[in-house]
Amino acid sequence: MLDKHGIARRIARQLRDGYYVNLGIGIPTLVANYIPEGMQVVLQSENGLLGMGPFPWEGEEDPDLINAGKQTITTLPGSSFFDSALSFGMIRAGKVDLTVLGAMEVSDRGDIANWKIPGKMVKGMGGAMDLVASARNIIVAMQHTNKAGESKLLPECTLPLTGQSCVKQVVSELGFFDIDPRGFVLRERAPGVSVEEIVTKTAGRLVVEGEIPEMHLD
Amino acid sequence: MNKVYPDARMATADIPHGATLMLGGFGLCGIPENCISALVDSGVRDLTCISNNAGVDDFGIGLLLQRRQVRKMISSYVGENAEFERQLLSGELEVELIPQGTLATRCLATGYGMPAIYTPAGVGTEVAEGKEVRRFGDKDYLLEIAFQADFALVKAWKGDTHGNLIFRATSRNLNPLMAMGGNITIAEVEELLPAGSIDPNQIHTPGIYVHRIFQGSGYEKRIEQRTVRKRQDTNST
């Protein structure tokens, strides 16, 4: 089984040199820690920055320089600033190669719910609806089951949707899945996880073809 | 031409009860601190605020919420504000949540003189309820209407007496879009310069969009999430 760092490491293996990538808050943010050595990946922050660098050294925080999670950050050689309309313009135009998001639920058609739980205080969707509606490739990093052990990979999302038919891949603590018209297609098992466990814990349509290899993280 | 006002109080003095305002900023980054303080002091109420966020309890738009000066918020994310939550749950405050890119682009459309935009954000979700859906190619888009705002309150780094503006780092965010979108745009700047002092190549917002400008003061620039790398102590192992 993967911990959150393991999920991030597996997603980092999907990166390619020259990719422009938008990482959501939570596990997706950790992907930045596992960009392979020698590979150049440009991180987009949707409040208006390409080329997001690491957190500043203590004492060098700049209140005018934050990421979409409102954290103080830095720039890198090659960074650029722009307004929020241009930022979502480049997202809408499909210029961002990869978007990594968290989710509360994903359906076997690629629907995603990650912004609202009825009965709880609504905080808002921020840029999530724009990102999922337009990104060329969306990988979701998520927990496979909720605290009660119920699957979050579903035939149909029960929570209000963030976007429809948009998620292409899912990495959970149990495995790596493609989403195609047949549903969740199991590609890799997490270390120590059996196909049977994945079958038991996946409520949506699941396709298991042939031998499923165990995941490599590096 | 005289666009220069002495301070925030004078620049915002004619904002009436019930006005619709655009307020620049993302989180607490690049918010018009001086204008917000002037509105708190003036006591103007029943405001509709178009702003990406709603500040925190004791800063930014949170100051206006504390004093019940806001009737409606139009925002994309309002998660950092307990007073906001209380007023929303009690029904004192109306809120319209819209995707961030839609919010930004509805401001842009106003400044570009376009009545509406089509965007795929929100298709198939509750954001689409009651909106026209149109298919272009193999994809559906929502018709989203350009904003109308009586006043836009924006914060820039530098400005000149013609109203030309330059923004700094990610404090640019929605500021130039809202500057274009207000019927009357009021810009507060950290440094107000005589016309001719700024290289025209460097200007982000041309002064035609800016009706009033003033030299701001006392900027707090509060940080919401202070995240840092600790320096290694070279004396330790």
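Every number in this text was worked out from the coordinates using simple rules, so none of it is lab data. In this text, all values refer to a predicted model and were calculated from it rather than measured experimentally. Every residue, glycine among them, receives a Cβ derived from its backbone with ideal geometry; neighbour counts consider all protein chains shown.
Placing dummy labels 7 Å off each Cα toward the beta-carbon, the span from B:E191 to B:D7 is 2.4 nm.
Here the relative contact order of chain A, from alpha carbon pairs under 8 Å that lie six or more residues apart, stands at 20 percent. Overall size of the range A:1-84 from C-alpha positions, given as principal axis extents largest first: 39, 25, 24 Å. With N as its number of residues, the range A:4-207 has a Cα radius of gyration that, divided by 2.2 N^0.38 Å, comes to 1.03. For a distance above 23 Å, tell me the whole-number percent of Cα pairs in the range B:75-206 that qualify. Looking at the range B:75-206, the distances longer than 23 Å represent 48 percent of pairs.
Which ordering of B:V123, A:V21, A:V195, A:V171 is given by a fewest-first count of other beta-carbon atoms within 10 Å? Spell out each step's value before the answer.
Details: B:V123 21, A:V21 25, A:V195 15, A:V171 29.
Ordered from fewest to most neighbouring Cβ atoms within 10 Å, B:V123, A:V21, A:V195, A:V171 come out as A:V195, B:V123, A:V21, A:V171.
Here the residues B:R135, B:R71, ranked from fewest to most Cβ neighbours within 10 Å of their Cβ, fall in the order B:R135, B:R71.
Rg and Dmax over the alpha-carbon atoms of the range B:33-114 stand at 12.9, 38 Å.
In the protein assembly as shown, with Lys and Arg counted as +1 and Asp and Glu as -1 at Cβ, which of these residues, B:T205, B:S171, B:F136, has the Cα nearest the positive end of the dipole, that is, farthest along it? Working it through, the farthest residue towards the positive pole turns out to be B:F136. By DSSP, the beta bridges lying fully in chain B are antiparallel in about 30 percent of cases. Along the charge dipole of the range B:1-123, Cβ charges K/R +1 and D/E -1, which of B:Q100, B:I61, B:F26 sits furthest on the positive end? Positive-end residue among those listed: B:Q100. For A:S79 and B:K221, a Förster radius of 25 Å and the Cβ-Cβ distance give a FRET efficiency of 0.80, rounded to the nearest 0.05.
Distance from the alpha carbon centroid of the range B:99-156 to that of the range A:168-213 works out to 37 angstrom. If R0 equals 30 Å, the separation of the Cβ atoms of A:K95 and B:E92 corresponds to a calculated FRET efficiency of about 0.10.
Computed from phi, the 3J(HN,Hα) profile of the range B:117-123 under the Karplus parametrisation 6.51, -1.76, 1.60 (θ = phi - 60°) reads 10, 10, 9, x, 5, x, 4 Hz, with x in place of Gly and Pro.
Normalised by 2.2 N^0.38 Å, with N the number of residues, the alpha-carbon radius of gyration of the range B:1-48 equals 1.19.
Estimated translational diffusion coefficient (Stokes-Einstein, Kirkwood radius over Cα pairs, 20 °C, 1.002 mPa s) of the range B:98-144: 196 µm² per second. Estimated at 0.36 nm per residue, the fully extended path between A:Q143 and A:K120 surpasses their Cα-Cα distance by 6.3 nm.
Dipole check for the protein assembly as shown: with +1 at the C-beta of Lys and Arg, -1 at the C-beta of Asp and Glu, and the Cα centre as origin, the magnitude is about 320 Debye. Helical runs assigned H by DSSP (4 residues or longer) give the protein assembly as shown a calculated mean residue ellipticity at 222 nm of -5000 deg cm²/dmol, each run adding -39500 (n - 2.57) before division by the residue total.
Computed on the Cα trace of chain B, the radius of gyration divided by the Kirkwood hydrodynamic radius gives Rg/Rh = 1.02. Along its principal axes, the protein assembly as shown has C-alpha extents of 76, 61, 42 angstrom, given from the largest down. Taking every DSSP bridge with both residues inside the range A:4-207, close to 55 percent are antiparallel.
In order along the range A:55-62, the Karplus-derived 3J(HN,Hα) couplings, from 6.51 cos²θ - 1.76 cosθ + 1.60 at θ = phi - 60°, round to 4, x, 5, 3, x, 10, 5, 10 Hz, and Gly and Pro are given as x.
Counting beta carbons within 10 Å around each of A:V193, A:V207 and listing the fewest first gives the order A:V207, A:V193. What's the Kirkwood radius of the range B:134-237 in Å, using all Cα pairs? It works out to 16.4 Å.
Assuming R0 = 35 Å, what is the FRET efficiency of B:S42 and A:D178, from their Cβ-Cβ distance, to the nearest 0.05? Each step should come with its number before you reach the end.
On the way: r = 57 Å, r/R0 = 1.64.
Computed FRET efficiency for B:S42 and A:D178: 0.05.
About the centre of its Cα atoms, the range A:68-218 shows a dipole size close to 660 debye [charges on the beta carbon of Lys, Arg (+1) and Asp, Glu (-1) only; nearest 20 debye]. Each principal axis of the Cα cloud of the range A:120-218 was taken in turn, and the coordinate range along them, longest first, works out to 40, 32, 28 Å. A crude spin-label estimate for the pair A:E197 and A:W57, with each label 7 Å from Cα along the Cβ direction, gives 4.4 nm. Subtracting the Cα-Cα distance of A:R136 and A:Q40 from their residue separation scaled by 0.36 nm leaves 32.6 nm.
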